[in-house]
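Engineer: Dropping the structure in here first, questions after.
The values are calculated or read from the model by the stated rules, or taken from the named source; none is laboratory data. Since the model is a prediction, treat every value here as computed from it, not as a measurement. The accessibility values were calculated without ligands, DNA or RNA, using every heavy atom of the protein model including side chains. Shrake-Rupley method; radii C 1.70, N 1.55, O 1.52, S 1.80 Å.
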Amino acid sequence: MAGPTTVIVTLSPKQGCVDEVEQVVAREIAEIRQATGCEVYDLYRSVDDEVILIERWSSRDTWQAHFDTPAISRLKNELTPLLAKPAERVEMYPPE
């Protein structure tokens, strides 16, 4: 797919871990926002205590490339034991 890529990531923390999940993500946001092609990388908490990331990248290639950065490696290592299930991603593109 060409063009901008919008991604919604849902993180489902284990019971009692929502604050810690938010803190882990918050520590990495500044570095991730500096990645090539990152236009938006924002953190939210849903009303049912899921942690939501809203991302926008200039292209699918730049979004995919950010998975190889140190910040994402740290997130994977630190978040895995705090999550009730693997992260869920929705990848979206504007209509052509």
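Engineer: Considering only protein heavy atoms and a probe of 1.4 Å, how much of the accessible area of the chain is carbon and sulfur, as a whole percent?
Structural biologist: 52
Engineer: Mind putting together the pair-distance distribution for the chain? All Cα pairs, 10 Å bins, whole percent per bin, short to long.
Structural biologist: The percentages, shortest bin first, are 16, 50, 28, 6, 0.
Engineer: Would you mind working out the accessible area per residue for the chain, using a 1.4 Å probe, and quoting it in Å²?
Structural biologist: Spelled out: the 1.4 Å probe surface of the chain, per residue, equals 60 Å².
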